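Undergrad: Mind looking over this structure? Questions follow.
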Amino acid sequence: RRVVLGGREFDREVAVLARRYGRSPAEVRASAQAEFRRIAAKPNGLVLALCDRLARLLLGRLFSSVSAEGLESFNAAARLHPTVLVPMHRSHLDYILISAQLYAAGMTPPLVAAGINLAFWPAGALLRRAGAYFVRREASHNFIHGLVLRRYVTYLVKRGHLQEFFIEGGRSRSGRMLAPKHGLLSIIVTAFLNGARKEILFVPVSITYESVIEDRAYSAENSGLPKRRESFWS
């Protein structure tokens with residue numbers, strides 16, 4: 001937080017936003033502090049170990065087998081350069097599967113961009129400590145969120161953290177690829193062009209299910225019913 005919300009560049013951006021939106025610099029700073037707390041991940045080793053046990057139990061009950069290809073070459077490449085995983089998005093199980101496979105292979109799970117709709121209690125607290133950071137879908141219309149998110153993701157790039165985001169922006173209800181969302185991609189590429197790192201690897205990830213656990217929900221949505229809001233019980 002000290003690095004993301006500090007420095008001369010941040011001071012200049014705060015001053016610009018304050019003038020543009022008719023707010024005081026102190027108000028913009030306070031809003032940025034609050035937004036950072038809503039966005040930032042808080043990875044915790046004990047929580048990751050607990051999530052690994054829960055994931056193995058869950059996946060063992062749902063699937064007869066789970067296999068992953070390319071882990072060795074991925075691990076070798078990720079040791080040399082900052083790496084961004086870019087999976088297709090079909091199910092809430094996507095990020096659980098990827099992190100569980102990497103953890104089981106002795107690798108550090110990624111910091112994952114998650115929708116702010118998953119920040120509800122208690123799931124949000126657990127996901128945050130498992131490595132999720134939260135992104136608003138309307139980030140371009142929220143100037144404080146956009147500022148903090150850009151600086152936070154740029155910081156992750158500079159530090160060389162393994163990251164993961166779903167370029168479709170949300171789960172595909174039909175199984176077809178959705179049009180890409182360029183927000184996070186643009187932030188990471190801009191950080192690279194500005195010299196944050198000499199190399200960044202983008203690794204596409206394909207996940208194939210025989211069926212997804214949301215099949216009934218997707219069927220209802222495709223027939224015209226509204227999407228149910230995520231909650232602990234759902």
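Undergrad: Using a Gaussian network for the chain with springs between C-alpha atoms less than 10 Å apart, which of these wobbles most: ALA40, ALA114, ALA105?
TA: Sorting by GNM fluctuation, first place goes to ALA105.
Undergrad: Here's something else I'd like to know. At a probe size of 1.4 Å, how large is the accessible area of ARG1, to the nearest 10 Å²?
TA: The value for ARG1 is about 140 Å².
Undergrad: If you don't mind, there's one more thing I want to ask. Using the beta-carbon distance between GLU27 and TYR155 and R0 = 25 Å, what value does 1/(1 + (r/R0)^6) give for FRET efficiency, to the nearest 0.05?
TA: 0.60
Undergrad: Taking the Cβ-Cβ separation of ALA68 and MET177 as r and a Förster radius of 25 Å, what is the calculated FRET efficiency to the nearest 0.05?
TA: About 0.75, to the nearest 0.05.
Undergrad: Segment 86-185: which chymotrypsin sites (Phe, Trp or Tyr not before Pro) are DSSP loop and have at most 10 other beta-carbon atoms within 10 angstrom?
TA: none
Undergrad: Would you mind working out the magnitude of the charge dipole of segment 8-87 relative to its Cα centre, with +1 at each Lys and Arg C-beta and -1 at each Asp and Glu C-beta, to the nearest 20 Debye?
TA: With only Lys, Arg, Asp and Glu charged at Cβ, the dipole is about 360 debye.
Undergrad: Rounded, prolate or oblate: which fits segment 112-234, taking a ≥ b ≥ c as square roots of the Cα gyration tensor eigenvalues, rounded meaning a/c under 1.5, else prolate when a/b beats b/c?
TA: Prolate is the answer for segment 112-234, as a/c is 1.5 or above and a/b outweighs b/c.
Undergrad: How much of the accessible area of segment 30-80, in percent, comes from carbon and sulfur atoms when a 1.4 Å probe is used?
TA: The computed percentage sits at 54.
Undergrad: With a/c under 1.5 counting as rounded, go ahead and sort the chain into rounded, prolate or oblate using the C-alpha gyration tensor (a ≥ b ≥ c being the square roots of the eigenvalues; past the cut-off, prolate if a/b is larger than b/c, else oblate).
TA: prolate
Undergrad: Count neighbours as other Cβ atoms within 10 Å of each site's Cβ, and list the chymotrypsin sites (Phe, Trp or Tyr not before Pro) in segment 169-234 that are DSSP loop with at most 10 such neighbours.
TA: Answer by residue number: PHE232, TRP233.
Undergrad: How much accessible area per residue does the chain have, in Å², with a 1.4 Å probe?
TA: 61
Undergrad: For the chain, find the longest principal axis of its Cα atoms and tell me its angle to the long axis of helix 93-104, 0 to 90°, nearest 10.
TA: On a 0 to 90 degree scale, this one is about 90.
Undergrad: Can you tell me which of 51-58, 79-86 comes out highest on packing, and rank the rest after it, using the mean Cβ neighbours within 10 Å?
TA: Output ranking for 51-58, 79-86: 79-86, 51-58.
Undergrad: May I pose another question? Run down the lysines and flag those whose C-alpha is under 18 Å from the C-alpha of LYS198, throwing out any fewer than 8 positions away in its chain.
TA: Counting by Cα, and skipping residues close in sequence, LYS198 has these lysines nearby: LYS158.
Undergrad: Also: What whole-number distance in Å separates the alpha-carbon centres of segment 33-70 and segment 103-124?
TA: Segment 33-70 and segment 103-124 have Cα centres spaced 6 Å from each other.
The values are calculated or read from the model by the stated rules, or taken from the named source; none is laboratory data. The model shown is predicted, which means the values in this text are computed figures rather than measured ones. Positions of Cβ are backbone-derived with ideal geometry, glycine not excepted, and every protein chain shown enters the neighbour counts. What goes into the accessible areas is simple: the full protein's heavy atoms, side chains included, and nothing from ligands, DNA or RNA. Shrake-Rupley method; radii C 1.70, N 1.55, O 1.52, S 1.80 Å.
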